[in-house]
Structure formats: structure tokens, C-alpha cells
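Here the structure is laid out as C-alpha cells; the discussion comes afterwards.
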Amino acid sequence: MIRIIVTSLLLFSISISCAQEFTKADELKGSITPERAWWDLQHYKLEVEVFPKKQEIKGTNTITYLVSEAEKVMQIDLQSPMQIDKVTQNGKKLKFKSNGNAHFIKLKEKQKIGETNTLVIEFSGAPKEAVRAPWDGGFSWKQDSNGNPFIATANQGIGASVWWPVKDHPADEPDKGVDMFYTVPSDLVAVGNGRLIEETDNGKTKTWHWQVTQPINSYGVNINIGDYANFGYEHEGLKGILDVDYYVLKENLEKAKAQFTQVPMMLQAFEYWFGPYPFYEDSYKLVEVPYLGMEHQSSVTYGNNYQNGYLGNDLSGSGWGLRFDFIIIHESGHEWFANNITNKDVADMWIHEGFTAYSENLYLSYNFSDEAASEYVIGTRSRIQNDRPIIGTYNMDNEGSSDMYYKGANILHTIRQLVEDDKKWRSILTGLNKDFYHQTVTTNQVEEYISEKAGIDLTEFWNQYLRTTQIPKLEYKYSSNQLSYRYVDIIEGFDMPVIMNINGKEHWIQPNAEWQTFENIGDIREASVKEDFYVNSKIVQ
């Protein structure tokens, strides 16, 4: 997902403390409560019927789980105005108590450690309508130009529980995937995640059975409904043939055939930089929706009006942002970072958004040039606010600053300079996707992995850029044959090396908080910091 902040660049020289107040609801949603901790998700069987005219849904969710502790109360999340109608296990009706959107189900059966059990939840209601999807979540109830229903879900921030009962925390994903049975009026097509298993004609309605066999984050589960046409191709990828499918409004079929030629370019670039597409078993889909787009796993949604840029705009101001369709590239990049590698806590969502914003850079690097990639990512710095740290508050359903996107991308671009070996840098990125394949992770795991594989102690680097709003400033001065320099606006121990361009030649220096001098370099006519490093600089007297 992408959130664009169009304010002027604000740079703070001190760390900002976020004195945000949290509620019990934040804690129940954002933490691994005791009622969540004892059971491990295995599978969802999600059956939903959609009533477009009434803008309502009803359905059942059969939850299969593995017992890891012998507890008897289970937390399930479902947001108002949706309601749980009935809960059963082995045919026996169960009671539950609610605390806001968290519902605590009291089980009758003794839960034995190591056993696999199922629970059936019936639910119904008029789910929250998204006003500005994908930035607020819920259902989008729209129409195409011919008056046909055009409906989709998007719920990254607000959570999947805005429309179906679920264990709504990113730390636990169903190990064996999800089976989705979506019933809609017979003249419409319902598209879910994964592969289409069966289409059943019920007369006035049709049921579309979609199946994901791999782990999936709950917000990645989606339903899209419209007067769709389908086309696709077989992509020859690193793991063999990848089935690629497109579902677009019939009225936009020819536009899609032209615009979606960028998909094979994207897959080639990302498989080069990140490794094999993570969900060959479940295929890749691009699905047109009535909002901008979202990274739903194996069902990436698209609403960029069949044009390059971000709704026709270049977010970098470099010109390179108009050389690709932002939504195709960005949202597909999330298949590696968000869907393959998922944050355990949304406080670490920079793992999703920073790496995926950086994927835009790598797409340009692969398909155009390193110079294009550099100009693009440097151009996006104008959108960084440095209003608060990009890591949020843990266990409170709290994301960090929206700077997680382009500050995150510039952090990674800077590390590429420090590694100074693109073969090694590529091995780090592919290694992340291999070693954390289909896992939920913490920022500490990612930080330590990159530091270890790069062979660089990045402790102060991570703390400076992820946990403060300070951007290191290099102060320097030069005379005829010497350069003096130091860092300000840094945490204790920060001493990242940078490249100085001196008279057109590159020289490595390693500043810290103390003044240092680089001597015997001849007559210095000009000196500047290489722009690829995300630092501020100032010539002082």
C-alpha cells in the first residue's frame, strides 16, 4: 500500500517523542493476548455471500487451529457493525463475551496440546464502507460505467476483521492457507486470492471457489466483484512456469492488454533482485478495483487508470516516475516484502513499505540504469517529513511515520553504497526472502541479518535512521590542500563513512562527532558529499 504525504520537507534536529495515548481496544488489537497465544492458525474456510443492492454480506468462517497450550477461551476479532450470529464446535453452540471488536469465545471441549481442532463462526451485517480506499478500510460499493456493481475490499490498516471474523494480528498466519467461497449475483464474477478451483451455478447466483495453499496475512485476503474479463499468460520464471492472470472490467480490456505488458518486466526485475516469486503454487493475479490498489497476496489489486506514474504523477520529480505504472510495480513488490516476509507487529511496518518503496528503485535499476534508480530515490526525499520515527509503538496496533516509505527506501539505498558490492547486496536481498521465506519477522531480525551478511556493524546506523527523526549532517570546510569534517545531529557512536567528491574524484571518509582532517590531497577547488548517501551537508567557515 502507498500513502503519499504532499507537504513540504520538514527536518528536525532532535528526536521526537510521540506521547500518544492508547486505549484498551488498541491493546486488544495490537498485542498477542493470552486468548490468542495458545492456538496456532492452520486454515480458514471462508464462505461469504454478497448482496450488492443491500450492501450487506453474510457467511461462515471455519477456523482450523493447532493447540499449543491447554486453554479454553479464544479471542476472535470482528468489527461493528458486523456481528457474530453463532459459534459452534463439534455441533455444540458456544457462548462468547465481547469487549468492543474483540470477542472471547468460551470453549466446551477440553483443548489438548498437539491436537488440531475446528471452530465455526456464522456472521452477517453491513460492513463498514470505505470512504477513501485504500487509506481507510472496508468495502467499496461502486458501479462501472455501464451501471454494473463494482465491489472490492481493502483493509490493511483497519484490519480484516472489518468484514470477517478472524485472528486479526500479523504474527499468526494460517499455515495451510485459505479456501474462499464467494457467492454473488450470477451475472458478476467474484475474484479472490490464489487459484480458481471451481465455479458453481446456483441459478440466480454463482459461487466462486478460490484457494490459497500458502500462509497469508489476514489483511491480504480479499474479494473483488465486477463485470470482469480474464486474460493472462505463462511466465517463465526462476522456479519454472508462473501462471499470471488478469481480471479487468470488460470495458477496459484493450487498455489492460497494453498497460499490463509491464508485468513481465516487473517479475524479471524482482526475481533478479529478490529471488523467486514467493507464491508459484498460488499464481500471480492483477485485478482491477474501484480504488487505487493494494498488495493482496496473489491477487494484487489495481486502479491506476491504465497510466504510468502515480495517477499520472511522478512522485520523485526526476522524470523517472513516469517510466512505469506505479501501482503495478509498488503493489507487486509487496509480494516479497509484506506477503512473503511479514512484520510480526505493525510497529515494524517499515519492513513492508520501506523495502517495497525501494523496489521501485530496483525496477529502474534493472530495466533502465543505476543512474535512473539513483535519481529516482534521491528525488523522493522531498516527500520525507521526519515528523516521528518510522518504527511505531509495539503491542498497540501502532504504525510508525509514513516516512517508512521513502525514508525507508533511502536508508536501503544508502546501505547499498556502504556495501559497495552489488553482487553482495543482491545476495542479501535474495537471502532475506530465502531465509525468512513465508515467515513473520521483527525489525531486529532484519537489521541483524543485513548487518551480518554485509559484514558491517550497522547498530548505530539503524538506531539513527529508524528510531530517531534526526538526519546526520556533515559539516565540512576545506582550504587549498586539506578537508576538515564532522557530523552533527547524530546519536552517540554514529560514524557512517561517506564518499566525498573532491575535484571530481571520489574519496571515502569516516566522520564522527569530532572534527577530523583529510590532508595532502592537492589543491581543493570543490568538494561535496555524494548524493546517494542520505545525509545533509553544510559548508562551514
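The values are calculated or read from the model by the stated rules, or taken from the named source; none is laboratory data. Because the structure is a prediction, the values reported are computed rather than measured. Here the Cβ positions follow ideal geometry from the backbone for every residue, glycine too, while neighbour counts run over all protein chains shown. Quick note on the areas: whole protein, heavy atoms, side chains included, nothing else; ligands and nucleic acids left out. Shrake-Rupley method; radii C 1.70, N 1.55, O 1.52, S 1.80 Å.
Results, tabulated for the structure shown:
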read-out	value
Enumeration of residues in segment 228-266 that are open to solvent by less than 40 Å² (accessible area, probe 1.4 Å), in a helix (DSSP H, G or I) and touching a residue at least 60 places away in the same chain (Cβ under 8 Å)	Gln259, Gln262, Val263, Met266
Failed criterion for Ile2 (all others in (1) open to solvent by 50 Å² or more (accessible area, probe 1.4 Å); (2) at pLDDT below 95; (3) touching a strand residue (DSSP E or B) at 6+ places or on another chain (Cβ under 9 Å); (4) not polar (S, T, N, Q) hold)	(1)
Condition met for Ile456 (within 26 Å of Phe274 (Cα to Cα), hydrophobic (A, V, I, L, M, F, W, C) and under 24 Å from the mean Cα position of the chain (by Cα))	no
Residue identified as open to solvent by 50 Å² or more (accessible area, probe 1.4 Å), more than 27 Å from Ser402 (Cα to Cα) and free of Cβ contacts under 8 Å to residues at least 40 places away in the same chain among Lys453, Lys434	Lys453
Which numbered condition Val184 misses (of (1) farther than 28 Å from Asp345 by Cβ; (2) surrounded by fewer than 20 Cβ atoms within 10 Å (Cβ to Cβ); (3) aliphatic (A, V, I, L, M))	(2)
Complete set of residues in segment 34-52 that are open to solvent by less than 10 Å² (accessible area, probe 1.4 Å), out of contact with any Pro (no Cβ under 7 Å at 6 or more places or on another chain) and outside any helix (DSSP H, G or I)	Trp38, Trp39, Leu46, Val48, Val50
Restricting segment 94-109 to residues that are in a loop (DSSP other than H, G, I, E, B) and in contact with a helix residue (DSSP H, G or I) (Cβ under 8 Å, 6 or more places away or on another chain), the residue that is surrounded by the fewest Cβ atoms within 10 Å (Cβ to Cβ)	Gly100
Selection within segment 385-409 - among the small types (Gly, Ala, Ser) and surrounded by fewer than 21 Cβ atoms within 10 Å (Cβ to Cβ)	Ser402
Residues (open to solvent by 60 Å² or more (accessible area, probe 1.4 Å) and either under 30 Å from Asp187 (Cα atoms) or at pLDDT below 95 (or both)) located in segment 110-143	Lys110, Glu122, Lys128, Glu129, Val131, Arg132, Trp135, Lys142, Gln143
